[in-house]
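Q: Quick one: this structure, given as structure tokens, is what I'll be asking you about.
The numbers here are math on the coordinates, done by the rules we state, and not lab data. All figures in this text were calculated on a predicted structure; none of them were measured in a lab. For neighbour counting, all protein chains shown are included, and Cβ atoms are generated from backbone atoms with ideal geometry for every residue, glycine included.
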Amino acid sequence: MNTNILDIIGSVLTLIQINDNVWSSKEWDSLRIWVDTQSWYRFSRGVGGDAEAFIRYYNHEYDETDFSLV
């Protein structure tokens, strides 16, 4: 995948810039995104990775929520 990680995560979460290299999100305050390595880590859940891993994680996180409402 050759897409900027900020574009991917920013399409589903509201991003907050911490400094030139590090970002977080309004919705998940323990999330850190590093532009230089194109990686992320959600400290409250102990999970992270690249942009592709974020897509899998985000989809899984909300699929479970949807199933619990049925």
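Q: Taking the Cβ of I33 as the center, what net charge do the other residues with Cβ under 12 Å away carry, scoring Lys and Arg +1 and Asp and Glu -1? Kindly include the intermediate steps, with their values, before the conclusion.
A: Values: positive: R32, R42; negative: D7, D36, D50.
After counting each charged neighbour, the total is -1.
Q: If you don't mind, there's one more thing I want to ask. Give me the dipole magnitude in Debye, nearest 20, for region 1-54 about the Cα centre, with unit charges on the beta carbon: positive for Lys and Arg, negative for Asp and Glu.
A: Details: 4 positive and 7 negative charges, 43 e Å.
With only Lys, Arg, Asp and Glu charged at Cβ, the dipole is about 200 debye.
Q: Also: Can you tally the net charge around N21? Count Lys and Arg as +1, Asp and Glu as -1, for every other residue whose Cβ sits under 11 Å from the Cβ of N21.
A: -1
Q: While we're on this one: Give me the net charge for the shell around L6: Cβ to Cβ below 13 angstrom, other residues only, Lys and Arg +1, Asp and Glu -1. Write down the numbers at each step before the final one.
A: Values: positive: R32; negative: D7, D20, D36, D50.
That sum, taken over residues with Cβ under 13 Å, equals -3.
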